[in-house]
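J.: This is the structure I want to talk about, given as C-alpha cells.
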Amino acid sequence: MSGSGDAVAASTRERVIAATLRCLAAQGLRRTTVDDVAVESGISRATLYRAFPGGRDTIVASVVEAELEALTATIERAVDGASDLRGALSSVINAAAVWLTADEAIATLMFNDPAALLTHLEFEQMDRTLAVASSRLAPLLARFLDQATAERVGEWVTRLVVSYLLFPSDEIDLCDLAGAGALVERHVLPALAALRVGAPG
Amino acid sequence: MIAPARLEVRERILEGTSRAICAGGVRQTSLTEIARESGCSRATIYRHFPGGRDELLDALVAFEHRRFFVRLGQAVESATTLEEVVERGLMVAHRALLELEVLQIVLREQPELLEPTLVRASQPTLQLVADFLTPYLAAHGVRDEATRAAHADYLARMVLSYMSAPGRFDLTDAEQVRDLVRCELLAGLGAHGQ
C-alpha cells in the first residue's frame, strides 16, 4: 500500500475509534452496534469492515487499545516531573484516577453496563489487565526502582486504582493529588521499605 | 420473618438452579430444568420466585455470594493472628472461587447477571470483609479506632483484589502467600504491620 493509502487507513481508524467512544459514552457497550458506529463516523459499513475485518469485536479491541495508549500517555506526562518515588507514585495514581473518572465512555459503562468493565477487572481477565498495566508502568518507575520491584509496584498501584474506582472511598479521593499522596504515604511506601529490607543487596 | 421450612424450599430451588447451570450453562437452563433438579414443581418455584427465571437467576447470584463469604468466614475463624487470617483467607478464597463453577459459567456466558450483586452491592462486600478483619487488627495492636478502620479498609481492598486475580503470585503456594501478606499487605500498615 502507498504512503498516502496508509494515511487514509490511519485516519479511518481514528475516526472509527472516536465515533465508537462517542457511541459508548451515549449508550454503553451492549447497545452499540456496527451500524451505530457507521452512522456516527459517517463511514460506510463496507469501508468499516475493510478497516476492521472482525467487525464489532475488532473495533472494540482497537478502542480498548487506543484508550490504553491515551491513559499511558497521560500517566507518562504526569510522572515526568516527579523528583522522587513518593511524587512519582502519587502522580501515577492521581493521573490514572483522574483520567478514568473523566472518560465519558468509562463513566457510561460503569453506570449502564458494568458487566462489560467487570469482565476486565475480575479473574483471569484482571490478571491480564494487571500484566499489561504493570509492564507499562514499570519503565516509568525505572528512575526510582530496580526492574523487578518496579514491575511489582506497577501491579500493586494498578490494584489500588481499580479498587478505588470500583469502591469509591469517603476518606481517600485519588482524583485529588494530596489524596493519592496520602495513600502512597500511608500504605505503599512503608510496604516498599519492608520489601527493600527483605531484598538481597 | 420467613418460616424455616419455607427457607429450606427456597434454598433447595436455588441449589437446583446452580446444578442445572453447571450441567447445561445459563442459557439452556429453563424453569423445567430447574424444577427437575430441585425436585419442586413449577408452581412451587413461582410461589417462591414470582418473577420466574429472571428473579431466580438474580437470587442465585446473591445466594452464592452470601454463601461464599459465610463459608470463608467459617474457614478462617479459628485463626488467631492477623497474619494467619489474611494468609488463610486468601488461600481458601482463591481456591473456592476457582471451584465455584456456577460463578465461572455465569461470568463467561452472562456476566450482566453479576451486576446487581458484584457491582451495585460491591460497597457492602468491601465493608463485610473490613468488618471481619477489624477485631484481628485490634488484636494486632492497632488501638486507635480511626486508624483501625482505615487499615481494615485498605486490607479488605487488597484481599478482594488478590483473591479474584492473584497476578504474579501463586496463591496455592503457602510460601508465596506468606511473602505477599507480609510484604505488601501487612507492611502496608506502616508501623502497625511489623
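J.: Out of curiosity, is A:Leu118 crowded, with 19+ Cβ neighbours inside 10 Å, at pLDDT 90 or above and within 8 Å of chain B (Cβ to nearest Cβ)? Show your work before the answer.
T.: Details: crowded, with 19+ Cβ neighbours inside 10 Å: yes; at pLDDT 90 or above: no; within 8 Å of chain B (Cβ to nearest Cβ): yes.
It is false that A:Leu118 is crowded, with 19+ Cβ neighbours inside 10 Å, at pLDDT 90 or above and within 8 Å of chain B (Cβ to nearest Cβ).
J.: Just need a number here: residues in segment B:165-181 that are in a helix (DSSP H, G or I) and crowded, with 20+ Cβ neighbours inside 10 Å.
T.: Final tally of qualifying residues: 3.
J.: Considering only residues that are surrounded by 19 or more Cβ atoms within 10 Å (Cβ to Cβ) and either at pLDDT 95 or above or among the acidic types (Asp, Glu) (or both), which ones fall in segment A:162-174?
T.: Selection gives A:Leu174 alone.
J.: Could you tell me whether B:Leu118 is within 17 Å of B:Ser18 (Cα to Cα) and crowded, with 17+ Cβ neighbours inside 10 Å?
T.: Taking the combined requirement at face value, the residue does not satisfy it.
J.: When segment B:134-185 is examined, which residues are found to be touching a His at 6+ places or on another chain (Cβ under 8 Å) and free of Cβ contacts under 8 Å to residues at least 60 places away in the same chain?
T.: B:Leu137, B:His140, B:Gly141, B:Val142, B:Thr147, B:His151, B:Tyr154
J.: Mind counting the residues in segment B:6-36 that are under 17 Å from B:Phe63 (Cα atoms) and assigned to a helix (DSSP H, G or I)?
T.: Summing the residues that are under 17 Å from B:Phe63 (Cα atoms) and assigned to a helix (DSSP H, G or I) in segment B:6-36 gives 18.
J.: Being away from chain B (no Cβ under 11 Å) and without any contact (Cβ under 8 Å) to a residue 24 or more places away in the chain is the filter here; which residues of segment A:145-172 pass it?
T.: A:Asp146, A:Gln147, A:Ala150
J.: Of (1) more than 18 Å from A:Ile172 (Cβ to Cβ); (2) part of a helix (DSSP H, G or I); (3) out of contact with any Lys or Arg (no Cβ under 7 Å at 6 or more places or on another chain), A:Thr72 satisfies all except one. Which?
T.: (3)
J.: Which of (1) within 20 Å of A:Glu185 (Cα to Cα); (2) surrounded by fewer than 20 Cβ atoms within 10 Å (Cβ to Cβ); (3) charged (D, E, K, R) is the odd one out, the single condition B:Glu109 does not satisfy?
T.: Among (1) within 20 Å of A:Glu185 (Cα to Cα); (2) surrounded by fewer than 20 Cβ atoms within 10 Å (Cβ to Cβ); (3) charged (D, E, K, R), B:Glu109 violates only (1).
J.: Return the residue satisfying two criteria in turn: it lies in segment A:77-105 and is free of Cβ contacts under 8 Å to residues at least 40 places away in the same chain and crowded, with 20+ Cβ neighbours inside 10 Å, and of such residues it is nearest to A:Arg186 (Cα to Cα).
T.: Only one residue tops the list, namely A:Ala95.
J.: Considering each of A:Arg30, A:Arg15, A:Arg50 in turn, give the residue that is within 14 Å of chain B (Cβ to nearest Cβ) and basic (Lys, Arg). Outline the logic, then answer.
T.: On the way: A:Arg15 fails: within 14 Å of chain B (Cβ to nearest Cβ); A:Arg50 fails: within 14 Å of chain B (Cβ to nearest Cβ).
That would be A:Arg30, the only listed residue that is within 14 Å of chain B (Cβ to nearest Cβ) and basic (Lys, Arg).
J.: Just to verify a result, which residue in segment B:90-112, among those that are touching a residue at least 60 places away in the same chain (Cβ under 8 Å) and more than 15 Å from B:Gln28 (Cα to Cα), is nearest to the other protein chains (Cβ to nearest Cβ)? Working first, answer last.
T.: Taking segment B:90-112 as the starting set, the residues that turn out to be touching a residue at least 60 places away in the same chain (Cβ under 8 Å) are B:90-91, B:93-95, B:97, B:101-102, B:105-106, B:109-110.
Now restrict to residues that are more than 15 Å from B:Gln28 (Cα to Cα): B:90-91, B:93-95, B:97, B:101.
Numbers: B:Leu90: 13, B:Met91: 17, B:Ala93: 13, B:His94: 10, B:Arg95: 13, B:Leu97: 8, B:Glu101: 13 Å.
Only one residue tops the list, namely B:Leu97.
J.: Given the conditions (1) surrounded by 18 or more Cβ atoms within 10 Å (Cβ to Cβ); (2) without any contact (Cβ under 8 Å) to a residue 12 or more places away in the chain, and given that B:Glu77 satisfies all but one, which numbered condition is not satisfied?
T.: So B:Glu77 meets the others, but not (1).
The values are calculated or read from the model by the stated rules, or taken from the named source; none is laboratory data. Predicted, not measured: the structure shown is a model, and the values here were computed from it. All Cβ positions, even for glycine, are placed from backbone atoms using ideal geometry, and neighbour counts span all protein chains on display.
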